[in-house]
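The structure appears below as structure tokens.
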Amino acid sequence: MANKKKPDGRSPIGVFDSGIGGLTVARSLFEFLPNENIIYVGDTARLPYGTKSKETVISYSVEIAKFLLNKNVKMIIVACNTASSVALHRLRQITKVPVIGVIKPGCKAAIAATNNYKIGVIGTLGTVQSYSYKTQIHKYDRNIDVRSKACSLFVQLAEDGWTDNKIAKMIAKEYLADLKESGIDTLILGCTHYPVMSGTIADVMGKRVKLIDSGKETAKEVKRILDRLNLLNPQRSPGKHKFFVTDFQKKFKEISERFLGQAIHDVKKIRLS
Ligand code: DGL
């Protein structure tokens, strides 16, 4: 798909997620790239993506990418782990701008962190069933033992703010028991919502296990890529941030602080076609 004019350093970065969770990725982007203009799209009308088929997630992702390309973005960051697991290849077919997912940066960081070559991955059902993390890790090193577990309820707990109460801890213990037992020393938080639950996850897994936040690793990688491509924004002033959702603007604004660390006041509703 052709862009209107060739994006340059001053063009915005497009970020998208199935909904609110991608704000944990946006938070890291704001931290590492404070001068970048960022356009965020949350597909709140159609979430969750984690329980949908590959074909559906790909078609939703293409629609959002087209919206972002119309805004002349210089890069697309797929903040959603589920969409990153299944849609990157297709998205790269429709644009020449770099399309960056969260899987590879998360894997690289986990490989650098592990000492015993046992890595755990937690994510949505879609992410776990795609084997995206396992496949990526094995591209680097086939000897690494990768254990995965879908922790679907964490998404709802994070959205409801039940991140460190008794129920959260009970559910986390149940989900993580096998991974803990397996002796992994590194655990990838392979879902946008899980960094919000990281305190509880860390408590359950114990001090020996390092947690890897794929979103944070992606933000660091994005900075390196923009630098390499000479596409960092030369402006010295803070970047502008725009937020678009496909539904539930009010709820998005209300719970944004928990995910982003700051309240969002201006959220526009869009229709994707
Ligand atoms: N954003 C999704 C992910 O990171 C989690 C929420 C959903 O299932 O849509 O996989």
Across the range 2-39, the tally of residues that are surrounded by fewer than 24 Cβ atoms within 10 Å (Cβ to Cβ) and either small (Gly, Ala, Ser) or away from the ligand (no atom under 16 Å from the Cβ) (or both) stands at 21
If we take the range 84-179, then strands (runs of 3 or more DSSP E) inside it with 2 or more residues that are of a type outside the set (Ser, Thr, Tyr), in contact (Cβ under 8 Å) with a residue 12 or more places away in the chain and surrounded by fewer than 21 Cβ atoms within 10 Å (Cβ to Cβ) are 145-150
Of the residues in the range 180-209, those that are within 16 Å of the ligand (Cβ to nearest atom), open to solvent by less than 10 Å² (accessible area, probe 1.4 Å) and aliphatic (A, V, I, L, M) come to LEU187, ILE188, LEU189, MET197, ILE201
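Let's see how each residue does on (1) assigned to a helix (DSSP H, G or I); (2) under 15 Å from LEU23 (Cα atoms):
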residue	(1), (2)
GLU217	yes, yes
GLU221	yes, no
LEU226	yes, no
PRO234	no, no
PRO238	no, no
PHE244	no, yes
LYS251	yes, yes
SER256	yes, yes
PHE259	yes, yes
With the first residue restricted to the range 25-44 and required to be in a loop (DSSP other than H, G, I, E, B), and the second required to be crowded, with 20+ Cβ neighbours inside 10 Å and polar (S, T, N, Q), Cβ contacts under 7 Å at 6 or more apart or on different chains are ASN35/ASN233; GLU36/ASN233; ASN37/ASN233; ASP43/SER18; ASP43/THR246; THR44/THR246
(1) open to solvent by 30 Å² or more (accessible area, probe 1.4 Å); (2) modelled with pLDDT of 95 or more all hold for ILE212 apart from (1)
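Among the residues that make up the range 199-206, is at least one of them touching an Asp or Glu at 6+ places or on another chain (Cβ under 7 Å), of a type in the set (Gly, Ala, Ser) and not in a loop (DSSP other than H, G, I, E, B)? Before the answer, list the steps.
Step one: filter the range 199-206 for residues touching an Asp or Glu at 6+ places or on another chain (Cβ under 7 Å), giving 199-200.
Going one step further and asking which of them are of a type in the set (Gly, Ala, Ser), we end up with 199.
Next, only the ones that are not in a loop (DSSP other than H, G, I, E, B) stay: 199.
The answer is yes; a qualifying residue exists.
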Q | Meets criteria (among the charged types (D, E, K, R), within 16 Å of the ligand (Cβ to nearest atom), farther than 18 Å from SER273 by Cα and in contact (Cβ under 8 Å) with a residue 40 or more places away in the chain) for LYS74 | A | no
When (1) open to solvent by less than 50 Å² (accessible area, probe 1.4 Å); (2) within 16 Å of the ligand (Cβ to nearest atom); (3) out of contact with any His (no Cβ under 9 Å at 6 or more places or on another chain) are applied to PHE259, the one that fails is (3)
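Please work out if VAL62 is among the aliphatic types (A, V, I, L, M), away from the ligand (no atom under 16 Å from the Cβ) and part of a loop (DSSP other than H, G, I, E, B).
On the way: among the aliphatic types (A, V, I, L, M): yes; away from the ligand (no atom under 16 Å from the Cβ): yes; part of a loop (DSSP other than H, G, I, E, B): no.
No.
The values are calculated or read from the model by the stated rules, or taken from the named source; none is laboratory data. Every value quoted in this text rests on a predicted model; they were computed, and no experiment measured them. All Cβ positions, glycine included, derive from the backbone under ideal geometry; neighbour counts span all protein chains shown. When the accessible area is computed, the model is the full protein with side chains, heavy atoms only, and any ligands, DNA or RNA have been set aside. Shrake-Rupley method; radii C 1.70, N 1.55, O 1.52, S 1.80 Å.
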